[in-house]
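A short write-up of the structure that comes next.
The values are calculated or read from the model by the stated rules, or taken from the named source; none is laboratory data. Owing to the predicted nature of the structure, the values given are computational and were not obtained by experimental measurement. Methodologically, a virtual Cβ is constructed for each residue, glycine included, from the backbone with ideal geometry; neighbour enumeration extends over all protein chains shown.
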Amino acid sequence: MLLLFLLGAVKLDPHLKRYLGDEFPTECNTNVTWAYLTFDKQANFITNEVLTDLITRLSIELKLPQSERNTYALKFEDYGNDGVFLTKENRSLVPQGFILILTASPERYAHYFLSRLRNPAIHTGDLRVTLNELMALCGDVSFATQFMRIGGYDYIFEVIEKGLCADSVSSQSRFLQALLILMDHPGLMYWSQVSDEFVSKIAENITGRAKQEDNTLLVSSLNIIDLILNAKNDEKMNLVLREVPFESLIRHLEKSDERVILNVLTLMNSLYSKARDHVKNDIVEISYAKD
């Protein structure tokens, strides 16, 4: 017999206070941490309006502080699902026997992470932990949209352009990995929109002008430069061709890391395909000289 209903549960995020701050005072801690739900599979039960009403009902049932602002959201317990936060677009991923988490809204998550990144007193180790948590969320379009809206994208670009993490290669690498995930969302921001200063800083990680060697940072930098080069913007393409000479890539082919070699070869191919005819001849000569 075909089941017409989805049966499952919603549990309260034990870390909810970290995202809500003073709006979730200690005295509001609740002993009610679970609620049980039945969804009608044949009904369009998760439209924006209905989802909002559902979240409000659950927050009341779980005895949470109420606010007129966008405070709470539901997210999947399993990060393997296509999207962390539950939306009308990914509602079909809710399985039988589901467990959803009642947590803060994507907007609250975005504000929390941006404030953490901007904190001048944050230690390097804490920053790495924050960036790891950020990367886990960057693939979710609901979070990415809010993070961009409040200036999160701009801040990451500022960090790179101004060298605010120049003393920590691992933090730089994590910032670039997060940025690659964020920029992969269609329609939010394009690689053709990045500044010339950003392109120059990323190029330094490839050419050696940055005076630091880290394979993970290098892989992200190679990937970003290739994306900018192929962003269908002539000004950015010409800038990349000036900032990243073909010969500067050759030394990286001697590395044992297969990720580096693959990304170097990809960028070499892009540089060759974008180069003018006389530069292509130079590239061929350089390649033969290497052999």
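Descriptive notes on the structure:
- Test: residue in the range 117-129 that is crowded, with 17+ Cβ neighbours inside 10 Å, among the small types (G, A, S) and in the same structural domain as S195 (by the TED database): no
- Residue check, I283 within 22 Å of N205 (Cβ to Cβ), aliphatic (A, V, I, L, M) and at pLDDT below 95: yes
- Looking at V244, V284, just one residue is within 29 Å of the chain's Cα centre (by Cα) and either surrounded by 12 or more Cβ atoms within 10 Å (Cβ to Cβ) or in the same structural domain as S173 (by the TED database) (or both), and that residue is V244.
- A single entry from N90, N70 fulfils the requirement of being within 20 Å of L137 (Cα to Cα), free of Cβ contacts under 8 Å to residues at least 60 places away in the same chain, touching a Pro at 6+ places or on another chain (Cβ under 9 Å) and of a type in the set (S, T, N, Q): N70.
- Filter result for P95 (in contact with a Pro (Cβ under 9 Å, 6 or more places away or on another chain) and either surrounded by fewer than 20 Cβ atoms within 10 Å (Cβ to Cβ) or free of Cβ contacts under 8 Å to residues at least 60 places away in the same chain (or both)): no
- Restricted to the range 185-221, and to residues there that are in contact (Cβ under 8 Å) with a residue 40 or more places away in the chain and not in a helix (DSSP H, G or I), the residue that is surrounded by the most Cβ atoms within 10 Å (Cβ to Cβ) is V194.
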